[in-house]
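In what follows, a structure is listed as structure tokens, so that the remarks can point back to it.
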Ligand code: ASP
């Protein structure tokens, strides 16, 4: 029988109504009491490093989760993290960079409704997650939600209310779960060779700047002292506005001269960036030699930059790591 460590961190799945709205109240043991069927296929232990609405989860918590997984790696066959849905895609992406090449699965799950309500998605999601984490072919970091298994770097919360809250972006789901049956679409367990690789640092000095029509560069100059990397959430396939007043190009030049990292991404969820298509993109890409996110999600782009920037600043090495495929995060990585 598989040994699974349930890591309870709060979220709606563990929430109860209070006079100020929902807040996490249930322990990991209480969560497990709602899925007694899991005893048929796994033995569980519980740990709870924190219990938060995931609105309050940040990079320190991602490092804490990595530590729990690393310290317990040899004792368990898989890990299930119960987590709020709001920032789950960020946590799954961050863990994809902090725990690499793991033959043992790390599964994140949560719910749109608390587990102790009569009508809820929570019990199915938790049971599916334990089932998937107990499967021989499961590996690396993923999100299990509403019957889908999504690679940890490919998930995005696209719905605030419905049970199908998460989509797999620019990549197929790794698997689907239908009752007791797991159907793999990406069946690549044998490609995970050697042991897991754990990382212990992230650089939180990363700023994500979303363009709107008329955005000016002035704000970027103010941000410069406090950040090491700037990700620009541009329009469409990618471009930077070019008007006289408050030039963004001029601000980018200052960032680059200060030795900071600039990455281009897009605010369009599906199909990714390609700055070579339009003059407004190509000119900037050439002038600044900027890496771009291509088909990566924003959540992955942000956390990958935090992971790379924890260790190094060299632009060539940055690019090499940024375009390296980790846990299915990027496909269009031709430099
Ligand atoms: N606000 C909650 C959280 O992210 C939402 C949820 O879990 O669905 O913790």
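Derivation of every value follows stated rules applied to the coordinates shown; laboratory data play no part. Computed from a predicted model, the values in this text were never measured in an experiment. Backbone-built Cβ (ideal geometry, glycine too); neighbour counts: all protein chains shown.
Only one entry of 262, 240 meets the criterion of being in a loop (DSSP other than H, G, I, E, B) and farther than 17 Å from residue 332 by Cα, and that entry is 240. Residues that are surrounded by fewer than 19 Cβ atoms within 10 Å (Cβ to Cβ) and in contact with a strand residue (DSSP E or B) (Cβ under 8 Å, 6 or more places away or on another chain) were ranked within the range 291-325; the one that is nearest to residue 97 (Cα to Cα) is 313. Taking the conditions (1) closer than 17 Å to residue 144 by Cβ; (2) out of contact with any strand residue (DSSP E or B) (no Cβ under 9 Å at 6 or more places or on another chain) in turn, residue 60 satisfies each one other than (1). Each residue in the range 158-178 was checked for being within 16 Å of the ligand (Cβ to nearest atom) and surrounded by fewer than 18 Cβ atoms within 10 Å (Cβ to Cβ), and 7 pass.
Residues satisfying the criterion are absent from the range 9-16 (criterion: away from the ligand (no atom under 16 Å from the Cβ) and out of contact with any helix residue (DSSP H, G or I) (no Cβ under 7 Å at 6 or more places or on another chain)).
What tally of residues in the range 52-78 results from selecting those that are within 15 Å of the ligand (Cβ to nearest atom) and out of contact with any helix residue (DSSP H, G or I) (no Cβ under 7 Å at 6 or more places or on another chain)?
Step one: of the range 52-78, the residues within 15 Å of the ligand (Cβ to nearest atom) are 52-58, 61-62, 65.
Then keep just the ones that are out of contact with any helix residue (DSSP H, G or I) (no Cβ under 7 Å at 6 or more places or on another chain); that gives 52-53, 55-56, 58, 61.
Going through the range 52-78 one residue at a time, the tally reaches 6.
Taken over the range 126-145, the criterion of being farther than 18 Å from residue 299 by Cβ, surrounded by 20 or more Cβ atoms within 10 Å (Cβ to Cβ) and in contact with a helix residue (DSSP H, G or I) (Cβ under 7 Å, 6 or more places away or on another chain) is satisfied by 126, 127, 130, 138, 139. The requirement of being in contact with a strand residue (DSSP E or B) (Cβ under 8 Å, 6 or more places away or on another chain) and in contact (Cβ under 8 Å) with a residue 60 or more places away in the chain is fulfilled somewhere in the range 117-126, by at least one residue. Any residue at all in the range 250-257 that's within 29 Å of residue 157 (Cβ to Cβ) and touching a helix residue (DSSP H, G or I) at 6+ places or on another chain (Cβ under 8 Å)? No.
Could you please find all residues in the range 79-101 being more than 12 Å from the ligand (Cβ to nearest atom) and buried (at least 24 other Cβ atoms within 10 Å of the Cβ)?
Step one: filter the range 79-101 for residues more than 12 Å from the ligand (Cβ to nearest atom), giving 79-81, 92-101.
Passing the criteria: 79, 80, 81, 92, 93, 94, 95, 96, 97, 98, 99.
Here are some residues: 64, 40. Which one is free of Cβ contacts under 8 Å to residues at least 40 places away in the same chain and under 26 Å from residue 311 (Cβ atoms)?
Numbers: 40 fails: under 26 Å from residue 311 (Cβ atoms).
None of the others qualify; the one that does is 64.
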